[in-house]
Structures are given as C-alpha cells and as structure tokens.
Amino acid sequence: MGGWLQEITQIPGRLMMQPLLYWFILLGLIVSFKRVRKERDMFGIRIFDVFAETKGTWVTGFLTGITLSLVMVGAGIVIPFPVILLLSALILLMSLILRLNVLSAAYTLTVGYGIIFLLQNISVSFIPEEWQQAFSGVSLTSITVIMAGGLFLEAIWVLRLNHKETFPELVAGSRGKWIGQHRLKKLGMMPIFVLIPGGAITPFMTWWPLLDIAGGSYGLMVVPFLSGFDVVTKGHHPVTAAKKLGSGLFLLAFLVTTVAIVSYWWEFLSIAAVGLAVVGKLFIHTLYRVRDKKAPYFSANDQGLTVLGIIKNSPAEQMGIGVGDLIERVNQVKVTNEEEFYHAMNVNRALCKMEIRDQHGEIRFTQRAIYQHDPYDLGLLFVKADVRKKAVSH
C-alpha cells in the first residue's frame, strides 16, 4: 500500500511533464480561433465561445480514462516509457495538420501499432538497445485496449451532441443559393494511468503484471491521449446525424473491444482488432457521406424560415427555439424570407410572437418581450437565398 501511495503522489508532477497536456490546450485555442474567424466571415458575429470544441468532453474523458486504467492495471499490462513517448509523439505530429478527424484512436493508435509491430520484427541500428528491448517486450494487446477505449469515448461524445453544440456554416449551392450545413466537432482528452517499469509498486499476484520487466517493480504515469472528430452534415438534422454516426461507432467500439479482450490470450488477434477499427471507421464515415447526399436540410423554402443556428445567450435561445425549427408566422404574419421576417418583427417591436413547426412536424407557439438592451436582437441565423449576401443574425 505504501508503494501505491508513493506512486499516486507523484502522478500530478508526471502529468505536468507531459507535452501533450500543453499541446491540447494550444490546439484547442487554435481550432477555436479558426472557427470564430469563419463564423465572423459567414455571419458577421461570433456564435460560440472559445474552447466550445472541448465543452462536454472533460467528465466523459476522465471517467473513460479511469475505467480503462483500472482494466489495464488490473490486467497487469505494462507500457514502457519509450512506447509512451512514441505514441505521444505520433498524436502530436498527426494533430499538426489541424484536422480533428485524424485524432481518432482508430487512426493514431493504428499507426503506433504498426510502428511497434515493425520494431518487434526488425532491428534498427539507430535505436538504443534498451529502447529496442522495450518495444520488443510490450504487449500489442495494450495498444488495442487503449484503441477500444478511445473508440467508446468518441462514440459517447457523438451520441451526446445536441443542437446547441454543433457549428452552423454556409456553403454556396447550385442555382445561386446558399445552403446551410452543420459541423459536428469535438476535441477532448482521455487521461490514462499506465504502469511503467521502475517505481515503488511490486507485484501482489504471480500473474501480475503481464510482463515481468525492469526487475518486477513498477510506477504509475498519466498519459493524456488526445481524441477528436469532425463531420459535416448537409442532408440531416445535426442531432439525427449524431445519433446515426454515434450508433455505428458504439457498435464498432464493442466489436473492437471483444477482439482486443480475446487477444489478451492470443496476441496475434490484436492485428484483427486494429484492422477492424480502421476498416470499420472508414466504412461508417463513407456510408454516412453517401446517405447524406440528398436534398439540403437547411435551405430557403416557401413554407417558412428554417433556423440554421442560435447565438448563445440570445433571446432566441431563451424562447426555446431550436436548430432546424421552421418559423412560419411572426406576430401573426406569414414569413418565407428574411425581408418578411424583418417586417413582421416591426409589427410589434416590444413583443415577439412566433408560430414554429419543429422537425417532427408539430406546431408550437412562443413569445417574448423584446428589450432595447437585448444582445444580437433575437439571435437567429437563417440561410440567405442569394449567394451574393451573407447570413446575418436577427
């Protein structure tokens, strides 16, 4: 117990020495600033705060990391420091292209698995002998277990998305019209406690740990594995798109986990787990892109005004208006375009009454007093009919 307590007290210091922790913060800033600049260019205003891409990821990332850590420590899986360094460097390098999709565990850990597999089967002269032994001794199952946990976490993030967490955008469509789309995007971190050779912890069972290296003593290190996704949807409501994608990812994570568990006893099956993760991930996204190629969900129509986005903390958000709602009447006046919406608002500037049809086809009524100090007017974003004009908030 004394050894465990000693190692636990050293965890915060070891975490602060992790370059990925600081890169995660910097990457979150860069991704947010790029998105804010795009929002200002498209809509003339910032819609979401900085670090909106990381919102809602902390608790699930921490809980998934703790669960995975207990499994790995309980199974006695040891990951030498050179392996941790390799995986961390790969995640950092792959994130430099600033595309969150590549941070999926299905991609980053597949690359890491491939490199470690090669190093276990070939001799590289420029790698120190101690490092070569570390790569040769690590269990490939450990990589697939982390991959499975990362896929589960990604699926949970996607499934939990709501209309307040997806990012509206405008793209030029055919016939001189704007088309709205939503970007499903998250960047998060999964901190994992891993056993490393050397330290105050000694085995308490004959089978623990799985690999007896470094004289049989071990320490604990926290590794902040980065993960993310970035998917665009045009033909679906963003929440519907999230449910479809998340369900597929959850099933994939379950299958990869099953194969990874079996590979604990037959390590050669870890190759099957990695192949399943990559092929399954590519298949899910390819299938979704094919199904998403249909009539745009957000476009100008004669039935009313479809809400493309809601500015945070705006009156529209307080009125309960949601992304994808169809505004049919304002102050009892039929509206089908922004000009009609503007004139209907002027019928009664002190009180706004709306007749709204939600994505399920149900009609509801909402109203709110409009005050002079209200920010962004109502805070609604619509799709312009003319590509020569950009959308603005109302």
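Just a few scattered comments:
- Counting only Cβ charges, +1 for Lys and Arg and -1 for Asp and Glu, the dipole size of the chain around its Cα centre is about 1360 debye.
- For residue 313 and residue 360, the difference between the fully extended length at 0.36 nm per residue and the C-alpha to C-alpha distance is 14.4 nm.
- Contour minus Cα-Cα distance for residue 287 and residue 37 (0.36 nm per residue): 86.9 nm
- Legend: residue pairs 34/294; 186/243; 38/281; 38/185, Cα-Cα distance threshold 19 Å; pairs beyond threshold, 34/294; 38/281.
- Residue-span extension gain [residue 183 to residue 115] - 0.36 nm each, minus C-alpha spacing: 21.2 nm
- Cα-based shape type of segment 275-339, given that a ≥ b ≥ c are square roots of the gyration tensor eigenvalues and the cut on a/c is 1.5: oblate
- Once both labels are positioned 7 Å from their Cα atoms along Cα-to-Cβ, the gap between residue 125 and residue 232 label points is 4.8 nm.
- Working note: Debye formula, equal point scatterers on the alpha-carbon atoms of segment 49-101, no solvent; log10 I(q)/I(0) at q = 0.13 Å⁻¹ is -0.51.
- Calculated P(r) tail over 20 Å for segment 63-202, as whole % of Cα pairs: 57 percent
- With Cα atoms as the point set, the radius of gyration and Dmax of the chain evaluate to 25.3, 81 Å.
- Rounded percent of accessible protein surface that carbon and sulfur make up, the chain, 1.4 Å probe: 64 percent
- Evaluated over segment 15-142, the Cα radius of gyration and Dmax, each in Å: 18.2, 58
The values are calculated or read from the model by the stated rules, or taken from the named source; none is laboratory data. Since the structure is predicted, the reported quantities are computational estimates derived from the model, not experimental observations. Glycine gets a Cβ as well: all are built from the backbone with ideal geometry, and neighbour counts include every protein chain shown. These accessible areas exclude ligands, DNA and RNA; they are computed on the full protein's heavy atoms, side chains included. Shrake-Rupley method; radii C 1.70, N 1.55, O 1.52, S 1.80 Å.
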